[in-house]
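The values are calculated or read from the model by the stated rules, or taken from the named source; none is laboratory data. On a predicted model such as this, the values are computed, not experimentally measured, just so you know. Methodologically, a virtual Cβ is constructed for each residue, glycine included, from the backbone with ideal geometry; neighbour enumeration extends over all protein chains shown.
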Amino acid sequence: MFSYRLATNEDNQQLIELTASTGMAGETALRIDRKPDFFSLLAMRGETKVFVAVDKGTIIGSLCVSLQQVYVGGRVYPLQYIGDFKVAVSYRNKGIGLQLCNELADYVISTGADLAFLNVAKGNTNPISFFKNRSGVPDFENIGIFNIHQFIGKKRKAFHSCYKIESTTVTDELLKFLNTHYRTYQLGSVITKEKLEGTDIYITRQGNKITAAMCVIDTMHIKQNVVMKLSWKMKWQLKVINAFSNLVGISKMPFLNEPVRMLYIKYLAVNNHDKQLVKLLVNRARNIVYEKSYSFVSIGLHEKDPYNSCFPGLFKLTFKSIGMLLSIKNNKTLVEKVKQGIPFEDYSLV
């Protein structure tokens with residue numbers, strides 16, 4: 001008989017082992033390790049509950065929900081972010097995933113929550129099916145594809161005659177600038193000083209006003225992305241890149257079954273989506289990647305985000321995931337507002 005409960009800090013090692021044994025299926029197979037502390041990434045997501053399935057003292061499944069504050073239509077709403085849905089391979093097709101969903105749903109509904117969001121790799125439809133046909137709760141709706149662009153590091157310094165990039169710290173001016181930008185997104189983060197902890201911040205100014213800001217974060221100390229499978233085409237591309245990396249001044253590519261050394265652009269806000277300025281900031285992040293001997297800097301953008309058109313000539317690998325949104329209270333107007341706008345997701349927390 002399986003049992004279900006909330007996880008505690010004593011479950012850390014078992015949760016790390018479960019995560020390592022259950023990769024993300026899809027067009028590119030990934031495993032996200034969470035060494036040395038499974039709970040560190042959750043603390044960055046927000047107030048989190050971790051539900052676990054247990055068999056004779058061994059954790060065989062997990063499902064997490066984190067409370068976040070996001071913008072929808074310019075107003076602030078609480079959002080339940082669902083993640084870390086895992087069932088040990090030998091225990092699948094035994095109803096464990098469904099019961100974990102029941103445990104989580106009972107909790108979320110009891111809090112009076114409405115909006116819930118989950119993210120799945122394109123081509124991996126299994127997690128979606130567990131949330132279908134729940135009594136009194138509508139299905140999750142597809143709100144579109146997110147492009148996870150991974151830009152290769154480069155040696156040549158970013159430069160533009162009209163713009164100067166400067167490093168900065170968190171200020172009220174910066175927080176206001178970022179929140180003004182992300183208020184225009186659907187599910188855009190409400191950005192606080194705490195959310196910028198651990199990030200390197202770069203800005204440009206015109207006169208005495210901020211015109212662009214980029215926040216870069218290194219999460220290697222709390223999570224490691226490990227590629228378990230690649231298509232033959234992707235393997236060939238990486239092999240060619242490594243063969244010429246020193247000659248052209250670009251970063252070395254990762255190997256299968258080793259952590260991908262990567263930085264994340266957590267937030268990127270540029271007035272009027274100025275393409276030259278966006279490209280300049282991304283190239284600055286690529287310089288940092290090269291200097292640190294990392295492989296990539298990554299940013300996640302919804303398919304409708306105008307930033308997607310700002311990267312001509314920048315070599316990148318792009319992976320795709322699907323955003324799924326649910327209004328537990330069946331607020332169709334709210335869900336439709338999100339679908340009609342440009343959704344945001346912080347992929348440094350995935």
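Can you tell me which residue in segment 324-345 is nearest to Pro78 (Cα to Cα), limited to those that are part of a loop (DSSP other than H, G, I, E, B) and of a type in the set (Val, Ile, Thr)?
Ile328
List the residue pairs whose Cβ atoms are under 9 Å apart, where the first residue sits in segment 183-211 and is touching a residue at least 24 places away in the same chain (Cβ under 8 Å), the second is in a helix (DSSP H, G or I) and of a type in the set (Val, Ile, Thr), and the two are 6 or more positions apart or on different chains.
Pairs that qualify, where the first residue is touching a residue at least 24 places away in the same chain (Cβ under 8 Å) and the partner is in a helix (DSSP H, G or I) and of a type in the set (Val, Ile, Thr), are Gln186/Val338; Leu187/Val338; Asp200/Ile288.
Note down all Cβ pairs under 7 Å where the first residue falls in segment 225-252 and is without any contact (Cβ under 8 Å) to a residue 60 or more places away in the chain, the second is of a type in the set (Ser, Thr, Tyr), and they're at least six residues apart or on different chains.
Final answer for the pair search is Ser245/Ser251; Lys252/Ser245; Lys252/Ser295.
For segment 18-60, name all the residues that are in a helix (DSSP H, G or I), among the hydroxyl-bearing types (Ser, Thr, Tyr) and at pLDDT 95 or above.
Ser40 - this is the single residue of segment 18-60 that is in a helix (DSSP H, G or I), among the hydroxyl-bearing types (Ser, Thr, Tyr) and at pLDDT 95 or above.
It is to be established whether one or more residues within segment 287-298 are within 22 Å of Lys164 (Cα to Cα) and among the aromatic types (Phe, Trp, Tyr).
Yes; the residues of segment 287-298 include at least one that is within 22 Å of Lys164 (Cα to Cα) and among the aromatic types (Phe, Trp, Tyr).
Return yes or no: is Ala285 among the small types (Gly, Ala, Ser), at pLDDT 90 or above and closer than 17 Å to Cys215 by Cα?
Yes.
Do we have any residue at all in segment 284-302 that's of a type outside the set (S, T, N, Q), touching a residue at least 12 places away in the same chain (Cβ under 8 Å) and on the phi > 0 side of the Ramachandran plot?
no
Go through segment 282-295 residue by residue and tally those that are under 20 Å from Phe244 (Cβ atoms) and in a helix (DSSP H, G or I).
Matching residues across segment 282-295 total 6.
Looking at Thr180, Thr204, Thr192, which is the one that is over 22 Å from Gln150 (Cβ atoms), in a helix (DSSP H, G or I) and more than 16 Å from the chain's Cα centre (by Cα)?
Sole residue among the options that is over 22 Å from Gln150 (Cβ atoms), in a helix (DSSP H, G or I) and more than 16 Å from the chain's Cα centre (by Cα): Thr180.
Please work out if Glu345 is surrounded by 15 or more Cβ atoms within 10 Å (Cβ to Cβ) and outside the structural domain of Arg205 (by TED's automatic domain parsing).
Answer is yes for this residue.
Tell me the residue from Ser298, Ser321, Ser309, Ser348 that is within 21 Å of the chain's Cα centre (by Cα), under 23 Å from Arg34 (Cβ atoms) and part of a helix (DSSP H, G or I), please.
That would be Ser348, the only listed residue that is within 21 Å of the chain's Cα centre (by Cα), under 23 Å from Arg34 (Cβ atoms) and part of a helix (DSSP H, G or I).
Of the residues that make up segment 136-148, is at least one farther than 27 Å from Ser295 by Cα and buried (at least 19 other Cβ atoms within 10 Å of the Cβ)?
yes
Across segment 224-244, what is the number of residues that are at pLDDT 85 or above and either in contact with a Pro (Cβ under 7 Å, 6 or more places away or on another chain) or assigned to a strand (DSSP E or B) (or both)?
The total comes to 3.
Among the residues of segment 152-174, is there at least one that is touching a residue at least 40 places away in the same chain (Cβ under 8 Å), touching a His at 6+ places or on another chain (Cβ under 6 Å), outside any loop (DSSP other than H, G, I, E, B) and of a type in the set (A, V, I, L, M, F, W, C)?
no
Of Val54, Val72, Val76, which residue is in contact (Cβ under 8 Å) with a residue 12 or more places away in the chain and surrounded by 19 or more Cβ atoms within 10 Å (Cβ to Cβ)?
Testing whether each residue is in contact (Cβ under 8 Å) with a residue 12 or more places away in the chain and surrounded by 19 or more Cβ atoms within 10 Å (Cβ to Cβ) leaves just Val72.
Kindly indicate whether any position in segment 81-98 is hydrophobic (A, V, I, L, M, F, W, C), part of a loop (DSSP other than H, G, I, E, B) and at pLDDT 95 or above.
yes
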